[in-house]
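Worksheet: one structure, shown below.
The values are calculated or read from the model by the stated rules, or taken from the named source; none is laboratory data. Bear in mind the structure is a predicted one, so any value in this text is a computation, not a measurement. Counting neighbours? That spans all protein chains shown, and the Cβs are built from the backbone with ideal geometry, glycine included. Note: areas computed on protein heavy atoms with side chains; ligands, DNA, RNA excluded. Shrake-Rupley method; radii C 1.70, N 1.55, O 1.52, S 1.80 Å.
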Amino acid sequence: LWLLVSLGTVPLLGEHGFASIAHFNTSVAGFIQALGGLTGNKISIFINVFFNVAITTSFLGVALGLFDFLADGLNFDDSYKNRLQILLLSLLPPFLFVIFFKDAFMTSLKYSAFFAVILEIFLPVMLVYKLRTNKFGLSSKYSLPINIKFLFLFFGVGLLVVFIVVASHFDLLPNLSDIY
């Protein structure tokens, strides 16, 4: 719903359009400023609050996952001292990284699509392919009614996303402001 409303509100061209956001090479801040310019300052406050809550909850979700991962991986017991150490291991390195490298968060978001493709497209496709070809004697009573050809289609979509990420990194794709 947020994507439909926000992306449907911002026009392609104009002072507060996507072309001007791309021309000035701004990211989320430019998008929030464009939404604020289109909807008024009172709405801009709510947009900023929403954005900050979204980033904070995302950070907390990842931090909790990392906390449990470190606790399991390092075989720490549930004592107060160990929990404090794991908390520092979970939160201190990302905090210091963001403090010393101001643009690191936005830069990492540019490359997060690559890792999301691995996690959300490549791994499930490979798992289903292995189950379907049954090379390991695995079986499951749960099955999607799709052909293996569709798995290659999904894999191809993932490769397309990886190509777009790599091409945008090397400026091989045209800029939106150059097109319009």
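Some points to look at:
- Matching option when the condition is modelled with pLDDT of 75 or more, in contact with a Ser or Thr (Cβ under 6 Å, 6 or more places away or on another chain) and open to solvent by less than 100 Å² (accessible area, probe 1.4 Å), among LEU66, LEU60: LEU66
- Matching option when the condition is in contact (Cβ under 8 Å) with a residue 12 or more places away in the chain and open to solvent by less than 100 Å² (accessible area, probe 1.4 Å), among ILE55, ILE21, ILE43: ILE21
- Meets criteria (loosely packed, with under 15 Cβ neighbours inside 10 Å and at pLDDT 75 or above) for VAL5: no
- ALA29 being open to solvent by less than 40 Å² (accessible area, probe 1.4 Å), modelled with pLDDT under 80 and small (Gly, Ala, Ser): no
- Residues located in region 126-149, provided they are open to solvent by 100 Å² or more (accessible area, probe 1.4 Å) and over 25 Å from VAL62 (Cα atoms): LYS135, PHE136, SER139, LYS141, TYR142, LEU144, PRO145, LYS149
- Cβ-Cβ under 9 Å pairs, at least 6 apart or on other chains, region 153-178 side modelled with pLDDT of 85 or more, far side open to solvent by 70 Å² or more (accessible area, probe 1.4 Å) and part of a helix (DSSP H, G or I): PHE155/MET126; PHE155/TYR129; GLY158/GLU120; VAL161/PHE114; VAL162/PHE114
- Residues in region 66-84 that are of a type outside the set (D, E, K, R) and within 29 Å of the chain's Cα centre (by Cα): 8 in all.
- Screening region 81-125 for residues that are among the basic types (Lys, Arg) and modelled with pLDDT of 85 or more and picking the one that is most open to solvent (accessible area, probe 1.4 Å) gives LYS81.
- If the condition is being on the phi < 0 side of the Ramachandran plot and open to solvent by 70 Å² or more (accessible area, probe 1.4 Å), then region 69-80 contributes PHE69, ASP72, LEU74, ASP77, ASP78, TYR80.
- Out of ALA54, ALA63, sole residue that is on the phi < 0 side of the Ramachandran plot and in contact with a Pro (Cβ under 8 Å, 6 or more places away or on another chain): ALA63
- Remark: pairs (first residue in region 98-121, farther than 16 Å from VAL162 by Cα; second residue open to solvent by 60 Å² or more (accessible area, probe 1.4 Å) and modelled with pLDDT of 75 or more; Cβ separation under 7 Å; 6+ apart in sequence or on different chains) = ALA104/PHE97; ALA104/VAL98; PHE105/VAL98.
- Inter-residue pairs, beta-carbon under 9 Å, first of a type outside the set (Gly, Ala, Ser) and in region 66-85, second open to solvent by less than 80 Å² (accessible area, probe 1.4 Å) and outside any helix (DSSP H, G or I), 6+ apart: LEU70/PHE76; ASN82/PHE76; ARG83/PHE76; GLN85/PHE76
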